[in-house]
1. Using only the alpha carbon atoms of region 417-497, find the Kirkwood hydrodynamic radius as the inverse mean reciprocal pair distance, in angstroms to one decimal.
2. How many Å² of accessible area per residue for region 364-485, probe 1.4 Å?
3. Take the Cα pairs of region 98-353, get the Kirkwood Rh, then feed it into Stokes-Einstein at 25 °C and 0.890 mPa s and tell me D in µm²/s.
4. Rounded to the nearest 0.05, what FRET efficiency is calculated for Gln196 and Asp271 with R0 set to 30 Å and r the Cβ-Cβ distance?
5. By average Cβ neighbour count within 10 Å, what is the ranking of 242-255, 67-80 from highest down?
6. What Rg and what Dmax come out for the chain when only alpha-carbon atoms are used, in angstroms?
7. For region 84-231, what is the largest minus smallest coordinate of the Cα atoms on each principal axis, given in angstrom and ordered from greatest to least?
8. What FRET efficiency comes out for Ser443 versus Leu467 if R0 is 30 angstrom and r is the Cβ-Cβ distance? Round to the nearest 0.05.
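The values are calculated or read from the model by the stated rules, or taken from the named source; none is laboratory data. The model shown is predicted, which means the values in this text are computed figures rather than measured ones. Cβ: placed from backbone, ideal geometry, glycine included. Neighbour counts: every protein chain shown. Keep in mind that these areas ignore ligands, DNA and RNA; they rest on the heavy atoms of the full protein, side chains included. Shrake-Rupley method; radii C 1.70, N 1.55, O 1.52, S 1.80 Å.
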Amino acid sequence: MSGPERTVGTQGLVFEEPLIFEQGSPGRVGFSLPPCDVPQKKAETLIPPHLLRGEIPGLPEVSEGEVVRHYTRISQWNFGIDLGFYPLGSCTMKYNPRVNEDVARLPGFAKAHPYLPDELAQGALQLLWELEQYLAEVSGLDRVSLHPSAGAHGELTGVMMIRAYHQSKGDPRRKIIIPESAHGTNPASSALCGYQVVPIKSGPLGVVEPQAVAEAMDDEVAAIMLTNPNTLGLFEEHIAEIAEIVHRKGGQVYCDGANLNAIMGVTRPGDWGVDVIHVNLHKTFSQPHGGGGPGAGPVAVRKHLAPFMPVPTVEKTQTGFALDSDRPQSIGRVRSFAASFGVMVRSYAYIRSLGPDGLKLASETAVLNANYIMNRLKADYHLPYDRVCKHECVFSDAEQLKNDVKTLDIAKRLMDYGFHPPTIYFPLIVPGALMIEPTETESKETLDQFIAAMKAIAREAKEQPDLVRAAPHKPRVGRMDETRAARQPVLRWKPKG
Ligand SMILES: *Cc1c(COP(=O)(O)O)cnc(C)c1O
């Protein structure tokens, strides 16, 4: 067979599905109730008039079976990690073990009410406290706030703590240094906290040079935000020296640890001199994500920042565990209650089931898989930084552009081979970037199928560029006008006629 030995299916029994409003017929219902055996009252006698709707707009009139088939069918138009390989760089789309789900559904966890008094929630509080200890150990720092609901929220919380810390010494300072390779959330979080962003360039090897930091560093700089491993998938090897430069002038070192998947159990940010790091549980610690599900971005801090953590914290007392809101220097609340609890249970189960050796093996395997892909594809795709990578590798379309085939075309063509495209056009410092993160949970067979598909596309780009430019050909919907979809979205159903 030419091309990939086997492609994963995006063809087959896929139904064209009309809107649910276009299905059913007048009077059809999805329920049957016994006759009413109590006196009926008019809605007007029970509901205040301003809350009564005059007319019910076109609700669908369908049977239960039609509803189930409708949603099951449209669910099959989606792609997820349970369907196939999802190498979305910087997103760590690893397979999520089902045991985490089992544990999160234990009634004592799933049904615990957030307003339970501490003495009736000891198990839940103990889980939060222990998870904090594990994340502190992995990050090499002292305390961890489990509150933030996402990576970006963790950044905001972390920068607010940095600001409160400087403020407590009489001067919040004005600026934050951020490399140009950073995720867009870094400058956004800094700006939200009132800081001016000072961008710096990475050096020729794809990492930040201490010299560039020294030049940008002064007493007005509150912090540097450094992603490590960075968005090129490279380890910032000068980070300890950079931390020293920043500390010498009274700045703080923030590490964007969204991509901890390359370093768990291998090296610890706290040991590099980092003061604050957020960790995405929905990336490294196996919380399902994609499609906007719940996530969490706990922030770990060094001791001197602990007084500023959001309230409530979970504390170990002489008799058990308790929430503590009596923290006068705290930045306050950043969310309701104490955490997205179900997310914490899954990540706790993940850490406990892997153990320290398992976490380390996961990181080592993630790095091995990324380097395997990088080395097998570098003859076919331009590799702007040809060095050992960490959890991901970044190619560009420079080679394919000679035949007028762009990164977007390559990404779309991958769908014909049954693979979710990688992250594209990010990081911004690589024009036409293709950012591939395989994670540790993929088999060698899957990696080889993906590599074969990428090689086939590189060949097609030379021999049949039109075919690649018009991709995808096999999914239900072909190439879309993405600009128009963003500029003129149709989000509301309108009754016909
Ligand atoms: C994913 C990611 C973020 C943002 O995390 P969210 O949970 O999406 O807010 C920040 N920085 C890096 C490097 C990331 O990969």
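1. 15.9 Å
2. For region 364-485, the solvent-accessible area averages 43 Å² per residue.
3. 132 µm²/s
4. My answer for the efficiency is 0.50.
5. Top to bottom by mean Cβ count within 10 Å: 242-255, 67-80.
6. Both quantities, over Cα of the chain: 25.9, 82 Å.
7. Ordered largest first, region 84-231 gives principal extents of 55, 47, 25 Å.
8. 0.55
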